[in-house]
Amino acid sequence: MAEFQSVEFLAVDAPLDDAALAFMRNQSTRAEIDRWRFTNVYHFGNFGGDVLAMMRRGYDIHVHDTNFGLRRVCFRIPDGFAFRDKLEPYLLDYEISWVPDDEGTGGVLTLNPEGEPDTYDWMEENEMSASDLIPLREMIIAGDFRPLYISHIAFQYDDEALEPPVPAGLSERHRALDLLGRFYEIDRDLIAIAAEVSPAINALPTEHAAIESWVQRQSVEELRSNLKDCLREPQRYPSKLLRKMRTETATPTAAESGSRTIGELRRRVKAIDDERERQRELAAAQEAERRKAEAERARQATLAEVANDPERVFARIDAAIGEKKRMAYRRVAKELSLIAQACGKPMARAKAEAIRIQYPGRSALIEELREAGF
């Protein structure tokens with residue numbers, strides 16, 4: 001299998017400025033690079049760019065997928081992140097890491113589970129792109145840690161470790177969460193079991209409603225200042241202002257304290273797998289019995305037809321002999337076996353003896369009869 005690597009970076013909040021774009025172009029001579037996206041596919045060699053620096057200089061999402069055990073996802077979380085103090089329980093050594101910025105509450109969040117070659121099924125064309133992960137980044141910024149919880153229980157291999165706080169809404173399907181689960185091949189049963197204690201997610205106001213409410217709380221001077229900044233920096237400041245609004249209006253998603261061990265969750269998954277396998281085996285056995293009974297009914301019907309009119313079978317035997325081919329002679333032997341079962345062996349043996357007398361020079365025919373017991 002040829003080596004394969006896909007590297008992608010995506011800017012979400014704002015396009016790269018000239019300095020950032022120049023920096024990105026120094027990270028690779030082969031990638032397709034613009035102010036919003038950086039992409040490259042490798043069939044030899046490695047990506048040598050500085051991922052952390054690239055995230056801090058303008059890109060907001062990074063996906064690195066290979067067929068030799070590496071599947072890395074990075075999120076750039078901007079300054080103003082209101083839930084940084086709630087991240088810790090979801091982090092996991094090297095597999096789920098947080099590198100804070102030198103100033104402010106932002107940083108880079110990385111999912112990078114350990115993997116050896118063949119850890120993941122190889123996908124030549126991965127169905128997930130960085131754009132698909134935008135909703136996950138928005139969840140995390142808003143304090144909805146479902147992506148981190150799912151990743152944590154999938155990447156954690158210490159059976160004695162406790163699960164992190166269980167966020168609300170795990171039982172609700174979400175396309176971006178489904179894509180993340182498929183990307184890391186996370187067992188849906190594991191998520192379903194985890195969701196058993198997940199509270200219902202609170203209905204959140206639409207972003208339009210949140211904007212309206214936030215604007216109503218701003219003073220005239222604040223609104224003037226924000227308008228001026230939007231006009232001065234039309235590519236950057238609106239996104240910055242939107243982040244500010246989201247931060248100030250965000251409420252953390254409800255979560256239940258984690259009380260189950262990873263081993264307990266995985267044993268439940270195994271029990272479900274075992275029961276599913278038992279049901280598959282039972283269904284297969286029942287299907288085999290059904291087919292066996294159906295075949296027996298068909299055989300009995302055929303034997304009844306032969307017993308009712310053996311001359312039709314004799315006619316088929318004579319026609320097959322006339323073909324003078326080995327395959328036709330085998331049909332002769334099978335037809336004689338039907339006569340033996342339906343009408344008795346004496347009738348079949350008498351017909352076989354008559355064939356030997358009539359066709360003494362047909363060695364292939366005689367051999368087929370002998371092998372069939374006639």
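A Cβ-based charge dipole, computed about the Cα centre of the chain with Lys and Arg at +1 and Asp and Glu at -1, lands at about 2200 debye.
Rounded to the nearest 500, the 222 nm mean residue ellipticity of the chain from helices alone is -16000 deg cm²/dmol, with -39,500 (n - 2.57) taken per DSSP H run of at least 4 residues. Compared with the direct C-alpha span, the chain from K325 to S97 gains 74.7 nm at full extension, assuming 0.36 nm per residue. When you restrict to C-alpha pairs under 8 Å that are six or more residues apart and normalise by the size of segment 309-371, the relative contact order lands at 31 percent. For segment 229-374, just say rounded, prolate or oblate: build the C-alpha gyration tensor, square-root its eigenvalues into a ≥ b ≥ c, call rounded for a/c under 1.5, and beyond that prolate if a/b exceeds b/c, oblate if not. It is prolate, given that a/c is not under 1.5 and a/b is the larger ratio. Taking 27 Å as the straight-line reach from the Cα of K325, the lysines in range (excluding those fewer than 8 positions away in the same chain) are K334, K345, K351. In whole Å, what three semi-axes, largest first, describe the equivalent ellipsoid of the chain built from its Cα gyration tensor (square root of 5 times each eigenvalue)? Those come to 72, 26, 19 Å. Based on Cα contacts under 8 Å between residues 6+ apart, the chain shows a relative contact order of 13 percent. When the pairs K292/K324; K86/K240; K86/K228; K270/K292 are compared against a 30 Å limit on Cα-Cα distance, K292/K324; K86/K228; K270/K292 fall above it.
Of the three principal axes defined by the Cα atoms of segment 309-371, the extents in descending order read 27, 18, 17 Å. When both segment 208-236 and segment 1-52 are represented by their alpha-carbon centers, they are found 33 Å apart. Nearest 10 degrees, 0 to 90: what angle lies between the long axis of helix 237-249 and the longest principal axis of the chain (Cα atoms)? For helix 237-249, the angle is close to 80 degrees. Helix 146-155: angle to the longest alpha-carbon principal axis of the chain, degrees 0 to 90, nearest 10? Tilt of helix 146-155: around 60 degrees.
None of the figures in this text is laboratory data; all of them are computed from the coordinates on show. It should be emphasised that the depicted structure is a prediction, and the values quoted were computed from it without experimental measurement. A quick note on method: Cβ atoms are made from the backbone with ideal geometry, for glycine too, and the neighbour counts reach across all protein chains shown.
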